[in-house]
Amino acid sequence: MGIFTRLSDIVNSNINHILDKAEDPAKMIRLMIQEMEDTLVEVRSSAARVIADRKELDRNLARLDAAQQEWYAKAELALSKNREDLANGALMERAKLAEMAERLENDRDPLEEALAKYETDIISLEAKIKEAKTKQKSLLERQRSASSQLRVREKLYDNRIEDVMTRFGQMERRVEDTESRVEAADMGREKSLHEEFADLETQQKVADELAELKAKMAKGAEKETTKTKKK
């Protein structure tokens, strides 16, 4: 594919439309940016060659102008020495050089037009590269966010969390069982002072174990959240 065909495709492309159709948008946008940057290098190289051609044209015109002035001076010298024939020959050489300079000057317009086109293409191409890099940054941020959320969900639903929840359920059943035994023991009789204190101690022990388990779970969840944010 030629450079101008690629340029036209890039400048006229709709990046959002291309990414919507891509199976792997991140990979696609990397390839697009690489293609754009490669094309930009080629366009700049072509523009540099045209600039070099224009400079060479200017140098040739300057040499022709100097040569014309030299022949004009020779014509003046010949006339001052009454050599009209030599003066005429000098002016003819000067006329040939002027004709060459005119032909060279006609080559300037195509060079200027080509440079103007290259400048427009470079501006458009740089704008597309900037747009693509902005899309790339957005895609990477979304990918990192999605990956982070996925890791959190995997942590929430893995076996370790299930084990903790199972132990939590077992602890709740132990509490309920203890409470049930206390209620059953109280049926039909009054508790002694010793028994009431024993019940209080049992209830406090179970409550402490439950609080300890809750604190442990909260600490674990906080650690996972902090780890995820750092990533």
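The values are calculated or read from the model by the stated rules, or taken from the named source; none is laboratory data. Keep in mind that what you see is a predicted model, and the values were worked out from it rather than measured. Glycine gets a Cβ as well: all are built from the backbone with ideal geometry, and neighbour counts include every protein chain shown.
Overview of values
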{"item": "Candidate set from segment 106-132 (those that are over 21 Å from the mean Cα position of the chain (by Cα) and free of Cβ contacts under 8 Å to residues at least 40 places away in the same chain); member that is surrounded by the most Cβ atoms within 10 Å (Cβ to Cβ)", "result": "LYS117"}
{"item": "Failed condition for LYS74, given (1) under 31 Å from the mean Cα position of the chain (by Cα); (2) surrounded by 16 or more Cβ atoms within 10 Å (Cβ to Cβ)", "result": "(1)"}
{"item": "Failed item in (1) exposed (fewer than 15 other Cβ atoms within 10 Å of the Cβ); (2) modelled with pLDDT of 75 or more; (3) under 28 Å from the mean Cα position of the chain (by Cα), with GLN143 passing the rest", "result": "(2)"}
{"item": "Members of segment 30-47 found to be polar (S, T, N, Q) and over 11 Å from LEU125 (Cα atoms), listed by number", "result": "GLN34, SER45, SER46"}
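Residue-by-condition table, conditions (1) within 28 Å of TYR118 (Cα to Cα); (2) modelled with pLDDT of 95 or more; (3) outside any helix (DSSP H, G or I):
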site	(1), (2), (3)
ASN16	yes, no, no
ASP20	no, no, no
GLU23	no, no, yes
ALA26	no, no, no
LEU31	yes, no, no
ARG44	yes, no, no
